[in-house]
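The values are calculated or read from the model by the stated rules, or taken from the named source; none is laboratory data. Every value quoted in this text rests on a predicted model; they were computed, and no experiment measured them. Glycine also receives a Cβ, built like all others from the backbone with ideal geometry; neighbour counts cover every protein chain displayed. For the accessible areas, the whole protein counts, side chains as well, though only heavy atoms, and no ligand, DNA or RNA atoms are used. Shrake-Rupley method; radii C 1.70, N 1.55, O 1.52, S 1.80 Å.
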Amino acid sequence: MAEQLDLALLCDDEGNCVRITVLGPLEGVAGGLAAEIVVDTPFVSGRVDLALWRSRLVSWGEALDRLEAGEDIAWLHVQRGPSVFIHLNGQRDCPEVVVEDDLISMATVRVPVDLPADWIETHRHLLVSVRSAWDDHLSPE
């Protein structure tokens, strides 16, 4: 099986970072992947588990398309588990990532991240790497 791979790496020079990492096969769920969302800033840090499968990776690719078109996104908002929102023009005049974990911790974290100009293209490459590494494991749904 493939090694751990980042699906998202939203970090800046100020020490603000939101990372989504694929950890490996999801125990007890055929075709699923275990992942985690890690928030690390000078003020707050934490992590939350995330389950991924093919449809969620497809929806991440669609979210990247919407971001490239200048739209904010809500990824996994209507599904069980944590949600990730990316606002291109956040409260601090830069993009911000909002992670909501309504199911387990009932916490929401808002992280302003000054992203480089090519961040969406970088994330397309991360998605391709994850799908290439784990495609044989993912269920065909």
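Note on segment 1-14: among residues that are part of a loop (DSSP other than H, G, I, E, B) and among the aliphatic types (A, V, I, L, M), the one that is least open to solvent (accessible area, probe 1.4 Å) is Ala2.
Of the residues making up segment 89-119, those that are hydrophobic (A, V, I, L, M, F, W, C) and more than 15 Å from the chain's Cα centre (by Cα) are Cys94, Leu103, Ile104, Met106, Ala107, Ala117. Does segment 15-32 contain any residue that is open to solvent by 20 Å² or more (accessible area, probe 1.4 Å), within 17 Å of Leu127 (Cβ to Cβ), in contact with a strand residue (DSSP E or B) (Cβ under 9 Å, 6 or more places away or on another chain) and part of a strand (DSSP E or B)? Looking for residues that are open to solvent by 20 Å² or more (accessible area, probe 1.4 Å), within 17 Å of Leu127 (Cβ to Cβ), in contact with a strand residue (DSSP E or B) (Cβ under 9 Å, 6 or more places away or on another chain) and part of a strand (DSSP E or B), one finds at least one in segment 15-32, hence yes.
Arg80: basic (Lys, Arg) and modelled with pLDDT under 95, yes or no? Break it down stepwise before answering.
Details: basic (Lys, Arg): yes; modelled with pLDDT under 95: yes.
Here the answer is yes, as Arg80 does meet what is asked.
Within segment 80-93, being farther than 13 Å from His123 by Cβ and either open to solvent by 80 Å² or more (accessible area, probe 1.4 Å) or touching a residue at least 24 places away in the same chain (Cβ under 8 Å) (or both) holds for Arg80, Gly81, Pro82, Asn89, Gln91, Arg92, Asp93.
Among residues of segment 103-128 that are more than 17 Å from Ala69 (Cβ to Cβ), those with a Cβ under 8 angstrom from a residue that is assigned to a helix (DSSP H, G or I) and of a type outside the set (Lys, Arg), sequence gap 6+ or separate chain, pair up as Pro116/Thr122. Only residues that are among the aliphatic types (A, V, I, L, M), under 19 Å from Phe43 (Cβ atoms) and outside any loop (DSSP other than H, G, I, E, B) were counted in segment 90-125, giving 6. I'm checking my understanding of the structure. Among residues of segment 33-57 that are part of a strand (DSSP E or B) and open to solvent by 40 Å² or more (accessible area, probe 1.4 Å), which one is farthest from Leu127 (Cα to Cα)? Looking at the filtered set, the residue picked out is Ser45.
Just one of the numbered conditions (1) surrounded by fewer than 18 Cβ atoms within 10 Å (Cβ to Cβ); (2) within 15 Å of the chain's Cα centre (by Cα); (3) not in a loop (DSSP other than H, G, I, E, B) is not true of Trp60: (1).
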